[in-house]
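Single-structure report; data block below.
The values are calculated or read from the model by the stated rules, or taken from the named source; none is laboratory data. Quantities reported herein were computed from a predicted structural model and do not represent experimental measurements. Ideal geometry is used to build each Cβ from the backbone, glycine not excepted, and the neighbour counts take in all protein chains shown.
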Amino acid sequence: MPHLLPYLLSLLSASSVVLGVPEVKIGSTTLIGNDIPSLQQEFFGGIPFAEPPVGPLRLKPPVFKDTYDQEILNVTQLGLPCLQYDLPLDQCSEDCLTLNIYRPAGIPSNVSLPVFFWAFGGGFERGTVIDPTALVARSIQRGTPIVYVSFNHRLGPLGWPQGKEAEEKGALNLGIKDELAALEWVNKHIGAFGGDPNKVTVGGISSGAMLNAILFLDPSTERLVRAGIFQSGSAGTAQVHNASYRQDHWDTFIGSVAACANLSGTDNTFDCLRDANITDIYQGLNGAKAQMVEFLPWDPVLDGALFPDAPSALWKLGQFARLPFIAGTNLDEGPVFVDPTPNYTSDQIRANLIANLSTPLLETTEKQKFDDTLNKTLELYPDDPALGSPFGTGNDTFGVSPGFKRISAITGDMMFTSQRRIWQQTMANNPSSGVNSYGYLWKTHTLVDAGPFAGPRFGVWHGSDFQYLYNSSLVDTVAPGALEAGVTLMDYFLSFIDSLDPNDGKGVQRPEWSVYSQDEQMVMQMQAQNFTQIPDTFRKEQIDFINSLPDVFHH
């Protein structure tokens, strides 16, 4: 990149730059974007990468789109997020398969910058893109500029249909197929925006991390991606099931769509849904949500293709992408997934585990193994608030059942920490795979002015580190050095996106972050004023037990 250094020097020395309207040509269409002069960035938003999945295309795989009827296409606004239960109907849309691109302003035509491709979180049933301008600005400031891409994928029952009919009609895991279509678009066209299609790092938080981690189970992902960053999510986080496991969820949804309610419980619902109007579909989303108890009711499922088997089984077969990655969890992953209202006695916790883990197989032929697992789990997580999550808070129970902290610890380890650890251990114990990974434990608190996770009961809550990565206004200086911790996180990640190594020496001074290896299983503890590597052995006995039984824990 011979012209990159002079460009950076001129950009960083300029106090203000007056730029023209940014334009990029795709085929015979000129895309007109927006200039963001205060940040020396350019934005192209709401670019379609697939045909609108409406009418006859509803509940079908995305139809790739990269040719446009217009000679001039105005892409100056974010596209609407996909239909979801927690947004007013006029603030979301089924016509949502669009992506957004942010890049440094005025880049030379021959530059090829690393690309960060982001997947949002939201439990596969809600979510919107986030403003990345602080992260892009930091990439420019430290001399490792990136092109940033975000995208929308279908959500809830429209993106993750469940049940027999969806399986028979090839409609499973549409959200994964949406992401693959977006990645294909990026692979084909990001060069026109100054990005390098051979230097794409996928990143994501929570369900976005889970989505990307499932892609990393498929070796063909190497064609589109060169690395990944996973924040609070792995391929086995949401527990692996086949399509029939949540048949009742699909029936509940159909029963809530007025035009199709009479077909609930049948295997003949798709035609009706494709004919239903958007208002009925939207009311069905909200009606079904009100009836569902499961926290993540619309997860990816085994489909024999994109998600052919449990991660533990695929790793044993050596079936995974040989790609470097960063994977991290937060100190207190569990509390946000636990209803605080019940009295969590041992019997209640046992009942919750049975509801989440049991299958007909485990209830019959392997009943004794299942019972033994429940007993051992309760033994390893004793009824002692001082040992529960949020961790390090002593006997404080925050006004809820003392058992809340106990089940929160189980939930966090079962869904997140165990899966991050076994993934990295598997790669490290298989040197022939050539996969370098870096692990971290985020321990810096976040305060929010409002929202469902406000207050000490949630601790360092699930996914909260992304607030620091994006320098969100929700981040508060809750401890000395908290905001500095966010800049350090940015620099580690931007270094990795640029060079596949978080230790490029650019930006803030920070500790060396070592590769997670068979002999040195270390993670970076990311705590305000205390970034240091620690052994990946916290709650070792508990997590080793969980990981020894992937069939019971659906991993």
- request: Would you tally the residues in segment 290-304 being out of contact with any Gly (no Cβ under 8 Å at 6 or more places or on another chain) and at pLDDT below 95?
  value: 8
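From the list Cys272, Cys260, which residue is touching a Ser or Thr at 6+ places or on another chain (Cβ under 9 Å), buried (at least 16 other Cβ atoms within 10 Å of the Cβ), not in a strand (DSSP E or B) and not small (Gly, Ala, Ser)?
Cys260
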message: What are the pairs with Cβ atoms under 7 angstrom where one residue, in segment 523-540, is closer than 17 Å to Leu469 by Cα and the other, located anywhere, is among the aromatic types (Phe, Trp, Tyr) and assigned to a strand (DSSP E or B)? Sequence gap at least six, or different chains.
response: Met524/Tyr440; Met524/Phe531; Gln525/Phe531; Met526/Tyr440; Met526/Trp442
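Can you tell me which residue among Asn330, Asn375, Asn352, Asn356 is farther than 13 Å from Phe404 by Cβ, of a type outside the set (Val, Ile, Thr), within 29 Å of the chain's Cα centre (by Cα) and surrounded by fewer than 21 Cβ atoms within 10 Å (Cβ to Cβ)?
Asn356
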message: Phe493 - would you say it is closer than 27 Å to Val200 by Cα, surrounded by 20 or more Cβ atoms within 10 Å (Cβ to Cβ) and modelled with pLDDT of 95 or more?
response: yes
message: Among the residues in segment 93-106, are any modelled with pLDDT under 95 and out of contact with any helix residue (DSSP H, G or I) (no Cβ under 6 Å at 6 or more places or on another chain)?
response: yes
field: Test: residue in segment 334-348 that is of a type in the set (Gly, Ala, Ser), within 22 Å of the chain's Cα centre (by Cα), part of a helix (DSSP H, G or I) and under 25 Å from Gly233 (Cα atoms)
entry: no
Filter result for Glu184 (surrounded by fewer than 24 Cβ atoms within 10 Å (Cβ to Cβ) and farther than 23 Å from Gly45 by Cβ): no
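To keep it simple, each residue is scored yes or no on (1) modelled with pLDDT under 95; (2) in contact with a strand residue (DSSP E or B) (Cβ under 8 Å, 6 or more places away or on another chain); (3) under 23 Å from Ile422 (Cβ atoms).
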| position | (1), (2), (3) |
| --- | --- |
| Phe453 | yes, yes, no |
| Ser473 | yes, no, no |
| Leu500 | no, yes, yes |
| Asn503 | no, no, no |
| Lys506 | no, no, no |
| Pro511 | no, yes, no |
| Gln529 | yes, no, no |
| Thr537 | no, no, yes |
message: Residues to consider are Thr397, Thr417, Thr444; find the one that is buried (at least 23 other Cβ atoms within 10 Å of the Cβ) and either in contact with a Pro (Cβ under 9 Å, 6 or more places away or on another chain) or not in a loop (DSSP other than H, G, I, E, B) (or both).
response: Thr417
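Can you tell me which residue is farthest from Ala209 (Cα to Cα) among those in segment 231-257 that are touching a His at 6+ places or on another chain (Cβ under 7 Å) and surrounded by fewer than 18 Cβ atoms within 10 Å (Cβ to Cβ)?
First, the residues of segment 231-257 that are touching a His at 6+ places or on another chain (Cβ under 7 Å): 232, 236, 239-241.
Filter again for surrounded by fewer than 18 Cβ atoms within 10 Å (Cβ to Cβ), leaving 239, 241.
Numbers: Gln239: 14, His241: 18 Å.
Here the residue is His241.
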query: Scanning for something basic (Lys, Arg) and farther than 30 Å from Thr373 by Cβ, does segment 510-529 turn up at least one residue?
result: yes
- prompt: Is it fair to say Thr266 is surrounded by fewer than 18 Cβ atoms within 10 Å (Cβ to Cβ), β-branched (Val, Ile, Thr) and outside any helix (DSSP H, G or I)?
  reply: yes
- prompt: Quick one: Glu168 ticks every box in (1) surrounded by fewer than 23 Cβ atoms within 10 Å (Cβ to Cβ); (2) under 25 Å from Asp498 (Cβ atoms) bar one, so which box is it?
  reply: (2)
- request: Answer yes if at least one residue in segment 179-192 is out of contact with any Cys (no Cβ under 9 Å at 6 or more places or on another chain) and without any contact (Cβ under 8 Å) to a residue 40 or more places away in the chain, and no otherwise.
  value: yes
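Within segment 311-327, restricting attention to residues that are in a loop (DSSP other than H, G, I, E, B) and in contact with a Gly (Cβ under 7 Å, 6 or more places away or on another chain), which residue is surrounded by the most Cβ atoms within 10 Å (Cβ to Cβ)?
Taking segment 311-327 as the starting set, the residues that turn out to be in a loop (DSSP other than H, G, I, E, B) are 317-324.
Still in the running and in contact with a Gly (Cβ under 7 Å, 6 or more places away or on another chain): 322-323.
Working: Arg322: 14, Leu323: 23.
Among them, the one singled out is Leu323.
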